[in-house]
1. Can you go through R99, R59, R30 and tell me which one is in contact with a strand residue (DSSP E or B) (Cβ under 8 Å, 6 or more places away or on another chain) and either modelled with pLDDT of 95 or more or outside any strand (DSSP E or B) (or both)?
2. Suppose we filter the stretch 316-344 for residues that are open to solvent by less than 30 Å² (accessible area, probe 1.4 Å) and in a loop (DSSP other than H, G, I, E, B); how many remain?
3. Given the conditions (1) open to solvent by 30 Å² or more (accessible area, probe 1.4 Å); (2) within 13 Å of ligand 2 (Cβ to nearest atom), report the number of the one that D271 does not fulfil.
4. Provide a single number: the residues in the stretch 342-358 that are more than 29 Å from the chain's Cα centre (by Cα) and closer than 15 Å to G305 by Cα.
5. Taking the stretch 281-310, which residues are within 12 Å of ligand 1 (Cβ to nearest atom), open to solvent by 10 Å² or more (accessible area, probe 1.4 Å) and assigned to a helix (DSSP H, G or I)?
6. If you check L357 against the conditions, is it surrounded by 19 or more Cβ atoms within 10 Å (Cβ to Cβ), among the aliphatic types (A, V, I, L, M) and away from ligand 2 (no atom under 16 Å from the Cβ)?
7. L430 fails exactly one of the following numbered conditions: (1) more than 16 Å from ligand 2 (Cβ to nearest atom); (2) under 19 Å from the mean Cα position of the chain (by Cα); (3) hydrophobic (A, V, I, L, M, F, W, C). What is the number of that condition?
Amino acid sequence: MALRLGASSLRTSLQLATVPTRSIALNGARCYSSAKAKSLKDTFAAKLPEELEKIKKLRKDYGSKVVGEVTLDQVYGGARGIKSLVWEGSVLDSEEGIRFRGKTIPECQEVLPKAEGGSEPLPEGLFWLLLTGEVPSEQQVRDLSAEWAARSDLPKFVEELIDRCPSDLHPMAQFSLAVTALEHGSEFAKAYAKGINKKEYWGYTFEDSMNLIAKLPNVASRIYRNVYKDGKVAAIQKDKDYSFNLANQLGFGENKDFIELMRLYLTIHTDHEGGNVSAHTTHLVGSALSSPYLSLSAGLQGLAGPLHGLANQEVLNWLQEMKKTIGNDLSDESIKKYLWDTLHGGRVVPGYGHAVLRKTDPRYVSQREFALKHLPDDPMFKLVSQVYKIAPGVLTEHGKTKNPYPNVDAHSGVLLQYYGLTEASYYTVLFGVSRALGVLPQLIIDRAYGMPIERPKSLDSKSFAKLVGAQW
Ligand SMILES: CC(=O)SCCNC(=O)CCNC(=O)[C@H](O)C(C)(C)COP(=O)(O)OP(=O)(O)OC[C@H]1O[C@@H](n2cnc3c(N)ncnc32)[C@H](O)[C@@H]1OP(=O)(O)O
Ligand SMILES: O=C([O-])CC(=O)C(=O)O
């Protein structure tokens, strides 16, 4: 019960009184409806004792069972496939792709609440699903939108910090810098410094995560407007959803389809189980009890690498280069030649391959479906489709990559450029806003579970050689 007391002591005025909820079936998923919607924090707190009990029993009964073995190749191969992380929000199947709390992307598109008149899910709903495992009601999602809007103001010094960045400092560096500076308002760090009971950690981590997510549209749009536009940022509209506000602040609030794209984009980029660089980094830094601000900032710095989230920037630049080179000749032969030139130049084909996936990424598929619906005749979409037809064969013939199919980053830039967001160096910031909605729920869960500091064992090569019985 201490956990619940700790949580409720932090309740904000926006959280509505909790009343028993009625569970109804919505397309096979559980959906909770009630006169007064139960808040996210109360929903999580109510489920927590049972979750903790289940984990305690699992560890008591099976704690010494072997869950896998590790080869020397895995040690030298980026820890690929080693099962060593607990991540509740999503699990990635190499053939099927991601499932968020057991639900595929199409299933999420079906069951998660949408904006009035909209057809894409609201990322608020996915955040709720990732944290609690439950599909929220429409009212719960509306309340969450309102709560984020209410918490969205930036401290003046953070605005000034962003404004003082040179416009040629990469947007991702500006983004992680601003998120680090928001640490100034960390309730977790302040409470820890005062000395709090471990059982109260998650409540403060929840508050920090909510505040941080709420502020990201202001941070992200300020960077965009400063670097590429006139530096003026629209105010958050308190009665609107998160994606509307982000789209509007970027300067695309008049375009309903772009807002819908933001809702889809922010939903599908959230989470990709725990081992990817941004998720793992956030979790790792958080395991030292660094605040959610410092943890996410570290994760964003990993996302900014070209083999990870920056690949979406690389893809658009690469496609534009290709267009310049091949002009209107989208024949199989000319695409093939361009792909081979890239590979012969010792470069990777951006947007293709994956550390886990061995089939086309379902996040690519959902973006392709969006394009087929909204921009079927866009020349860049046609180019992307042609590359999709040709690249798997070329990469297979090249014989190096274990996965010749496209990942999420192969498509996102083409959708953004269609609506006029053409600045590729900005794209990973949008990815980062979405990724925050995926990695912060797990950070709250980590603290609620009392996960320890992460500290795997390393050895030098000589010791590994000895371990496998080799000469050194
Ligand atoms: C959101 C995301 O992070 S999704 C991934 C975004 N990144 C990209 O799209 C960049 C292009 N892709 C890649 O570089 C890789 O496929 C990664 C980083 C995604 C995965 O890396 P790995 O798990 O090491 O891939 P894999 O085991 O297939 O690599 C084997 C070899 O194939 C190469 N390879 C993998 N993908 C590609 C590619 N798209 N083009 C050319 N070569 C490739 C690797 O560089 C590696 O070469 P090496 O033996 O000379 O070092
Ligand atoms: O899973 C990975 O390694 C990379 C990825 O697609 C993501 O983080 O979204």
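1. Values: R59 fails: in contact with a strand residue (DSSP E or B) (Cβ under 8 Å, 6 or more places away or on another chain); R30 fails: either modelled with pLDDT of 95 or more or outside any strand (DSSP E or B) (or both).
Within the list R99, R59, R30, the selection yields R99.
2. Residues flagged as open to solvent by less than 30 Å² (accessible area, probe 1.4 Å) and in a loop (DSSP other than H, G, I, E, B) within the stretch 316-344 amount to 1.
3. (1)
4. Looking only at that region, the number is 0.
5. G302 - this is the single residue of the stretch 281-310 that is within 12 Å of ligand 1 (Cβ to nearest atom), open to solvent by 10 Å² or more (accessible area, probe 1.4 Å) and assigned to a helix (DSSP H, G or I).
6. Details: surrounded by 19 or more Cβ atoms within 10 Å (Cβ to Cβ): yes; among the aliphatic types (A, V, I, L, M): yes; away from ligand 2 (no atom under 16 Å from the Cβ): no.
Judged against the criteria, L357 is not a match.
7. The number of the failed condition is (1).
Conditions tested, residue by residue: (1) within 16 Å of ligand 2 (Cβ to nearest atom); (2) among the small types (G, A, S).
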| residue | (1), (2) |
| --- | --- |
| L246 | no, no |
| L250 | no, no |
| G253 | no, yes |
| D257 | no, no |
| L266 | yes, no |
| H280 | yes, no |
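The values are calculated or read from the model by the stated rules, or taken from the named source; none is laboratory data. Keep in mind it's a predicted model, so treat the numbers as computed, not measured. Here the Cβ is made from the backbone with ideal geometry for all residues, glycine too, and neighbour counts use every protein chain on show. When the accessible area is computed, the model is the full protein with side chains, heavy atoms only, and any ligands, DNA or RNA have been set aside. Shrake-Rupley method; radii C 1.70, N 1.55, O 1.52, S 1.80 Å.
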